[in-house]
Structure formats: C-alpha cells, structure tokens
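Structure record follows, encoded as structure tokens.
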C-alpha cells in the first residue's frame, strides 16, 4: 500500500465522522482500484466517529476488514493488546489465504 492509499483510507475514516453534507476538498480516487488488503480499526466509544457510517465509507474498498475495538479514541494507547491481536489475527487470515 502506498502512502497515497493510506491517506485515502484515513480520509474515509474521517468521512465516517462527518455528516452527509460534507464534501472533501478534492475528490477521492476510484476506491475499487485499490487492490491491497486493508485493515481499518475503529474505537467503539468514540464520540467523533460513527461505526456504521465509517463501515459504509470503507465498503467501497474491495478488500477491507473493519474491526472495532473497545476504546474511546486512541486505540494504540488505550488498548494496545487488543490492537496487536486484531492486526495479528488479520495478518494470519490474509497470509494463510495466499496461494
């Protein structure tokens, strides 16, 4: 995944926090063209984002898994073990699926 692709995924997560009237300053590229697996982590108790709207925004990516972790905002400091487990489990599934 390129830095640009990472930025796009971050933009999608931000869009999940915005209402429908928000329009990004520049249009997002064709998300279906991103052909790398994506793991997005969200905080279940965040007051800044809405899990359903974030999931909806991420649905445009062809291979995206969205995992919500019990945290208020900053998952790496609030739930480092849960984050590590989510990443390791995701990598395990992706790596075993390789030909």
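The values are calculated or read from the model by the stated rules, or taken from the named source; none is laboratory data. Only a predicted model underlies this, so the values are computations on that prediction, with no experimental measurement involved. Here the Cβ positions follow ideal geometry from the backbone for every residue, glycine too, while neighbour counts run over all protein chains shown.
Is there a residue being at pLDDT 80 or above, in a helix (DSSP H, G or I) and surrounded by 14 or more Cβ atoms within 10 Å (Cβ to Cβ) anywhere in the range 34-51?
no
Search the range 44-67 for residues that are without any contact (Cβ under 8 Å) to a residue 12 or more places away in the chain and pair each with any residue that is in a loop (DSSP other than H, G, I, E, B) and surrounded by 18 or more Cβ atoms within 10 Å (Cβ to Cβ) when their beta-carbon atoms are under 9 Å apart and the residues are at least 6 apart or on different chains.
Once the first residue is without any contact (Cβ under 8 Å) to a residue 12 or more places away in the chain and sits in the range 44-67, its partners that are in a loop (DSSP other than H, G, I, E, B) and surrounded by 18 or more Cβ atoms within 10 Å (Cβ to Cβ) give 52/16.
How about the range 75-99: which of its residues are surrounded by 12 or more Cβ atoms within 10 Å (Cβ to Cβ) and either in a loop (DSSP other than H, G, I, E, B) or touching a helix residue (DSSP H, G or I) at 6+ places or on another chain (Cβ under 8 Å) (or both)?
Result: 75, 79, 82, 83.
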